[in-house]
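Below: one structure, written as structure tokens.
Every number in this text was worked out from the coordinates using simple rules, so none of it is lab data. Please read these numbers as outputs of a predicted model, since none were measured by experiment. Quick reminder, even Gly has a Cβ in these numbers, built from the backbone with ideal geometry, and neighbours come from all protein chains shown.
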Amino acid sequence: MEFIPYSRQNLSEDDVAAVVSVLRSEYLTQGPVVPAFEAAFADLHQVPHAVAVANATAGLHIACLALGVGPGKRVWTSPNSFLASANCALHCGAFVDFVDIDPQTRNMSVERLAAKLELARKAGTLPHTVIPVDFSGLPCDLQPIRELADSYGFRILEDASHATGASYHGKPVGSQYADASVFSFHAVKIVTTAEGGLITTRDPELAHKLRLLRSHGMTRTPGDMERASEGEWYYEQIALGYNYRITEVQAALGLSQLGRLSSMHEQRKRLAERYDRLLGLLPLILPCRQPDRDSAWHLYAVEIDDQRTSATRDAVFAAMRAARIGVNVHYIPIHTQPYYERLGFKTDDFPASVRYFRRALSIPLFPQLSHPDQDRVVEVLGNSLQVQAR
Ligand SMILES: *Cc1c(COP(=O)(O)O)cnc(C)c1O
């Protein structure tokens, strides 16, 4: 029986040719393809500025810095996310805290955010920046979060790592409400550059800062310099930055992949709808639908409904792995990690995230997943839940 992974990159011959053509060209770094990739991404996401970086972790880091996160500041994010959503704040010397999830969307709960902000206002501990995460590709409810940001005065950095191509209130993710949105092009994500990331923003000054920070804080543009240029060789460092650049090779892969974004999204969507139909009678809680947003379907994550089955998540996980089906668990709540426990967080600080995690299972979803393979996933899942699949 062939192994079915939970996610798999989707590469075409055109993708391969695009990469090979860069390898045969003059530039491997800082040539014409990175700006072409940024322009294509910005265009597809209807946003004026896109800054490509080495990976989304680097993107979150410099986006925090560019927004002004620093020592003594507070950053709040969702516990149901990958480690990088919280680590970025610690890298800036800020304090991290979390806002528990809405069990239905599995994204940061807007009600809990509002309640926590009110307490923080009284205590004088308001956050500088909030990082909502579009878990599984389902966009966060950013409109009410924007209203809260305007009244409490915090910045919104959206972790859209799962959400390339998703939309909210009829517009692409990354184009409205957030101050900046960060996307990931890791191999398991919607669009891949092997490793890579990108930040979108509507704010030209923020985009300018991000470009500086991704490349040592250095400029060769006379208009940006503090002193007069001394010649064509002249460059200046005007901020403290990093080498967080993406390469031409990676950008070529990304640019080629973007050409298939809408067809790959359509395939994911159809497979997700097929899962909805095939899994409807099992003791599972399926991913929720929201009429005002369209998920990118990075993950198809189910919850084992322990009210309706005695099978545990761990038993189902083991049975599926034994049947060579690459299920996974997203995510171990960040605040329960040993490192975060040492910062003082307790497991039951964010109970909805913990309850979700204990029952969560991500099952295979990627554009080229075949119907027979999908049927096999459904059958094994049904059997391991000790009920008939269909
Ligand atoms: C993948 C991911 C990241 C990190 O992305 P990289 O490109 O691997 O650095 C950050 N946040 C979330 C939610 C992710 O899924």
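Could you state the per residue volume, in Å³, of the convex hull enclosing the Cα atoms of region 289-390? Show your work: numbers first, answer last.
Details: hull volume 15.7 nm³, N = 102.
So the per-residue Cα hull volume is 154 Å³.
Multiply the residue separation of His216 and Glu341 by 0.36 nm, subtract the distance between their alpha-carbon atoms, and state the gained length in nm to one decimal. Provide the component values of the computation, followed by the final result.
Numbers: separation 125, 0.36 × 125 = 45.00 nm, distance 3.33 nm.
Full extension from His216 to Glu341 adds 41.7 nm.
For the chain, what does the convex hull of the Cα positions come to per residue, in cubic angstrom?
Details: hull volume 55.9 nm³, N = 390.
Expressed per residue, the convex hull around the Cα atoms of the chain is 143 Å³.
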Check: Going out from 0 in 5 Å bins, what whole percent of all Cα-Cα distances in region 185-253 drops into each bin?
Finding: 4, 15, 20, 18, 19, 13, 7, 3, 2, 0
Check: Mean separation of Cα pairs under 8 Å and 6+ residues apart, divided by the residue count of region 68-122: what relative contact order is that in percent?
Finding: 32
Note to self: Given N residues in region 107-170, what is its alpha carbon radius of gyration divided by 2.2 N^0.38 Å?
What the structure shows: 1.15
Note to self: Cα atoms only: what Rg and Dmax, in Å, come out for region 200-320?
What the structure shows: 24.4, 74
Margin query: Nearest 10 degrees is fine. How inclined is helix 56-67 to the longest principal axis of the chain, computing both from alpha carbons?
Written below: 50
Note to self: Just to confirm the number: angle between the C-alpha axis of helix 261-279 and the first principal axis of the chain, 0 to 90 degrees, nearest 10?
What the structure shows: 20
Next item on the list: Compute the distance in nm between two label points, each set 7 Å from the Cα along the Cα-to-Cβ direction, one at His169 and one at Arg146.
Entry: 0.4
Item checked: Listed residue (Ala187, Ala322, Trp76) projecting farthest to the positive dipole end of the chain, Cβ model -> Ala322
Item checked: Extension gain, Asp373 back to Met1 (0.36 nm per residue minus Cα-Cα distance, nm) -> 132.9 nm
Checklist line | Computed magnitude of the charge dipole of region 40-145 (debye, nearest 20; Cβ of K, R +1, Cβ of D, E -1) | finding: 360
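May I ask you to order 34-42, 156-164, 184-192 by the average number of other C-beta atoms within 10 Å around their residues, highest value first? Numbers along the way, then the final one.
Working: 34-42: 19.4, 156-164: 28.6, 184-192: 22.7.
Ranking the peptides 34-42, 156-164, 184-192 by packing returns 156-164, 184-192, 34-42.
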Margin query: Give me the base-10 log of I(q)/I(0) for region 37-154 at each q in 0.17, 0.20 Å⁻¹, Debye formula, one uniform scatterer per Cα, rounded to two decimals.
Written below: -0.91, -1.21
Next item on the list: Quick one: compute the contact order of region 1-146, relative version, from alpha carbon pairs under 8 angstrom and 6+ residues apart, as a percent.
Entry: 18
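Remind me, relative contact order of region 270-390 in percent, using alpha carbon pairs under 8 angstrom and six or more residues apart? Spell out each step's value before the answer.
Details: 146 pairs, mean separation 43.8, N = 121.
So the answer I get is 36 percent.
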Checklist line | Cα long-axis angle, helix 204-213 against the chain (0 to 90 degrees, to the nearest 10) | finding: 90
Notebook entry, point to check: Given springs between every Cα pair under 10 Å in a Gaussian network model of the chain, which of Pro172, Pro364, Pro222 has the largest fluctuation?
Noted result: Pro222
Notebook entry, point to check: Sequence-distant or interchain residues sharing an amide H contact under 5 Å with Leu284, placed H: which?
Noted result: Asp305
Check: Using the per-residue mean of other Cβ atoms lying within 10 Å as a proxy for protection, in what order, highest first, do the peptides 348-354, 338-344, 226-232, 376-382 fall?
Finding: 376-382, 348-354, 338-344, 226-232
